[in-house]
Amino acid sequence: MGRHSPAAIPVDLRARLEAARLDLLALFRALDRMNLTPSEIPQRLIRQLFELDADYVEALWGLDQPPGNLNLAAMLRDTLAALEQLPGYSSRLRCNLPPRSHATLSRLEASIRTKLNPAEAYNMVPGRDPQKS
């Protein structure tokens, strides 16, 4: 396995992962608060977003690991690919929701996002307790 080389990790990677997790958390919470039936939420698309979120959790965990424990090149490749997929997946989900929900979702999501504690980006990251941050 390759050693961590600080120069190999983009300086903004952690911040990008944290922002992506918080954006997804706001989206998930907003959808949960809306009066949409499961059949109105495209299950395949929401599942893809859940999978991306899991990839971000894994990457945040990986960034906390000691040098040499992970294949850094593979982690970076997979993480950067997952970050690039988020805008398209989110857009497809929104476009496939009932038109009556679009404005409400946008308002709710923005409101929720501004109130999130940045430590919530570490929810479910092994070895991190957001309550203690």
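The values are calculated or read from the model by the stated rules, or taken from the named source; none is laboratory data. As the structure is a prediction and not an experimental result, all values here were calculated from the model. FYI the Cβ positions are ideal-geometry reconstructions off the backbone, even for glycines, and counts take in every protein chain you see. Ligands, DNA and RNA are stripped out before the accessible areas are found, and what is left, the full protein with its side chains, is counted by its heavy atoms. Shrake-Rupley method; radii C 1.70, N 1.55, O 1.52, S 1.80 Å.
Here is how the numbers come out for the structure above:
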read-out	value
So Ala30, is it touching a Leu at 6+ places or on another chain (Cβ under 9 Å), surrounded by 12 or more Cβ atoms within 10 Å (Cβ to Cβ), farther than 30 Å from His102 by Cα and touching a residue at least 12 places away in the same chain (Cβ under 8 Å)	no
Single residue of Glu109, Glu84 found to be assigned to a helix (DSSP H, G or I) and open to solvent by 70 Å² or more (accessible area, probe 1.4 Å)	Glu84
Whichever residue in segment 77-133 is within 24 Å of Leu13 (Cα to Cα) and among the basic types (Lys, Arg) and, among such residues, is modelled with the lowest pLDDT	Lys132
Selection from segment 50-79 of residues that are without any contact (Cβ under 8 Å) to a residue 24 or more places away in the chain and either small (Gly, Ala, Ser) or open to solvent by 50 Å² or more (accessible area, probe 1.4 Å) (or both)	Phe50, Glu51, Ala54, Glu58, Gly62, Ala74, Arg77, Asp78
Selection from segment 8-38 of residues that are assigned to a helix (DSSP H, G or I), farther than 13 Å from Ser90 by Cβ and among the acidic types (Asp, Glu)	Glu18, Asp32
Matching residues, segment 39-51, being under 17 Å from Cys95 (Cβ atoms) and not acidic (Asp, Glu)	Ser39, Ile41, Pro42, Gln43, Arg44, Leu45, Ile46, Arg47, Gln48, Leu49
Hits in segment 65-81 - residues which are among the hydrophobic types (A, V, I, L, M, F, W, C) and outside any loop (DSSP other than H, G, I, E, B)	Leu72, Ala73, Ala74, Met75, Leu76, Leu80, Ala81
Matching residues in segment 37-72 - criterion: being in contact with a helix residue (DSSP H, G or I) (Cβ under 8 Å, 6 or more places away or on another chain) and more than 17 Å from Leu22 (Cα to Cα)	Glu40, Ile41, Pro42, Leu45, Gly62, Leu63, Leu70, Leu72
Residue among Arg94, Arg47 that alone is in contact with a His (Cβ under 9 Å, 6 or more places away or on another chain), without any contact (Cβ under 8 Å) to a residue 40 or more places away in the chain and part of a helix (DSSP H, G or I)	Arg94
